[in-house]
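Right, one structure below, let's go through it.
Values quoted throughout were computed directly from the atomic coordinates according to the rules given, and no laboratory measurement underlies them. Bear in mind that the values here come from a model prediction, so they are computed numbers and not experimental data. A quick note on method: Cβ atoms are made from the backbone with ideal geometry, for glycine too, and the neighbour counts reach across all protein chains shown.
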Amino acid sequence: MKNKIATWQLVFSSLQQKIPVMLLYVLESSGSSPGRQGFFMAVNANGEMEGSVGGGIMEHKFVEMAKERLGQPAPGSNPDGSQQSGEPRIRKQFHDKSVPTNQSGMICSGEQTILLYPVREKEANVIRDIIHSLEQNKNGTLFFLPEAIRFSEAIPTTNFHFEMRSEDDWEYEEKTGYKNQLFIIGGGHCALAFSKLMNSLDFYIRVYDERPDLKTLLQNEWAHEKTIVNDYAGLNDLIPAGDDHYVVIMTPGYRTDDIALRSLLNKEFRYLGMLGSKTKIDKLFADYSREGISDKWLRGIHTPIGLSIKSQTPEEIAVSIAAEIIRVKNEPL
């Protein structure tokens, strides 16, 4: 999230200084495209840059395209070039040298659609509102239209929407802020290492524990929220189901794991995993089956948690769980 804020801040500061600035935004992507939907960067007329649309020769080509356009003031602009030149342009790129046109120069296959949007001075307040929302860890909706950038504090039901009816008639909407919510139950050493890693992967992180004086919980500066609960049974009211919700149970013992998992019974998450030995998990699940708890729901729980890489330390365990979550996140729904 820090990188996204830095990119919008470059746009805002450029507008304040009357330096022409352009946004490059990936509106759509498919296949093995290095720039995924929602990747974006800013380039101003002084050559300052923030963000990325995927890197490599493709990004270099678009940066040079942006610089060239920024060096051409629009007719009737001020002598300092403070008015942005040209209109927004959408370019489709194919990462395949066998296609006849719009080759990106890369051979990884796939394709992406990139918007070149010269930001107008009158849009400075919109950019400021986006930055403020991101800094407050809030969600909202970013709109790109041929005639304007807009922003709303309303939260959309989907992360992305792009519709292109023609080169001059299109719309793009994106949910701003953190799209993925991580709920960690238990604030011990593994949770500390896991929070640090997942913070760098752009997850909004909440940690829950019953122990207010737990040292590792107090040391956890990477979680966005830390909540002390009287009883893990109360998590039912604190952790909602959701397609972008990821839940990891790593409490200190069998009893608390059991209480935490029971509090989430029959809720659907994008990912639900529980740390623990195979012996512990087998006993828990055997008890649940005897009680009539849905076998289908139990089969959806990731356990043993994480990819099998023989991890031992909290840091290694964090890597294995993070890798599994990334795999699930990037699979189509």
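Placing R0 at 45 angstrom, the Cβ-Cβ distance between L197 and R89 gives a FRET efficiency of 0.70 after rounding to 0.05. The magnitude of the dipole of region 180-329, with charges of +1 and -1 set on the Cβ of Lys/Arg and Asp/Glu and taken from the Cα centre, is near 360 debye.
For K61, the aspartates and glutamates whose Cα falls under 16 Å of its own Cα, not counting residues fewer than eight places away in the same chain, are E48, E50, D96, E111.
For region 263-333, the spread of Cα positions along the three principal axes, ordered from largest to smallest, is 35, 31, 18 Å. Dipole orientation for the chain: of the candidates L116, T158, H245, H245 has the Cα lying most toward the positive pole (charges on Cβ; Lys, Arg +1; Asp, Glu -1). Per-residue Karplus couplings for region 227-235, computed as 6.51 cos²θ - 1.76 cosθ + 1.60 with θ equal to phi - 60°, are listed in order as 10, 8, 10, 6, 7, 4, 4, x, 5 Hz, Gly and Pro entered as x. With a Förster radius of 51 Å applied to the C-beta separation of A6 and T279, the computed FRET efficiency comes to 0.60.
3J(HN,Hα) along region 171-186: 8, 9, 10, 9, 6, 8, x, 5, 8, 10, 10, 10, 10, 10, 9, x Hz, from the Karplus curve 6.51 cos²θ - 1.76 cosθ + 1.60 with θ = phi - 60°, whole Hz, x for Gly and Pro. Please state the relative contact order of the chain as a whole percent: Cα pairs under 8 Å, 6+ residues apart? After rounding, I find 11 percent. Site pair N125 and E268 shows an inter-label distance of 4.2 nm when each label is modelled 7 Å from Cα along Cα→Cβ. For the pair E316 and E221, label points projected 7 Å from Cα toward Cβ lie 2.7 nm apart. One chain, two ends: N137 and H60. Fully extended at 0.36 nm per residue, the span grows by 24.6 nm beyond their Cα-Cα distance.
A simple charge model with +1 on the Cβ of Lys and Arg, -1 on the Cβ of Asp and Glu and nothing else charged puts the dipole of the chain at about 640 debye relative to its Cα centre. A Gaussian network model of the chain, with springs between Cα atoms under 10 Å, assigns the largest mean-square fluctuation among S320, S277, S166 to S166. When the Cα positions of I57, L134, L182 are compared along the charge dipole of the chain, L182 comes out farthest toward the positive end, with charges on each C-beta of Lys, Arg, Asp and Glu.
When the helices of the chain are scored as -39500 (n - 2.57) per DSSP H run of n ≥ 4 and the total is divided over every residue, the value at 222 nm lands at -9500 deg cm²/dmol. Among the trypsin sites (Lys or Arg not before Pro) within region 280-333, those in coil by DSSP and having at most 13 neighbouring Cβ atoms inside 10 Å are K310.
As an equivalent ellipsoid, region 193-288 spans semi-axes of 21, 16, 14 angstrom, where each value is the square root of five times an eigenvalue of the C-alpha gyration tensor, largest first. What the phi angles of region 155-163 give under the Karplus curve with 6.51, -1.76 and 1.60, with θ = phi - 60°, is a coupling list of 9, x, 7, 10, 6, 9, 8, 9, 9 Hz, glycine and proline written as x. The GluC sites (Glu not before Pro) of region 257-333 meeting both criteria, a DSSP state outside H, G, I, E and B (loop) and at most 10 other C-beta atoms within 10 angstrom of the site's C-beta, are E291. In the distance distribution for the chain, Cα-Cα pairs more than 35 Å apart total 34 percent. A Cβ-based charge dipole, computed about the Cα centre of region 213-270 with Lys and Arg at +1 and Asp and Glu at -1, lands at about 140 debye. Rg/Rh, computed from the Cα trace of region 107-160 with Rh as the Kirkwood radius, has the value 1.06.
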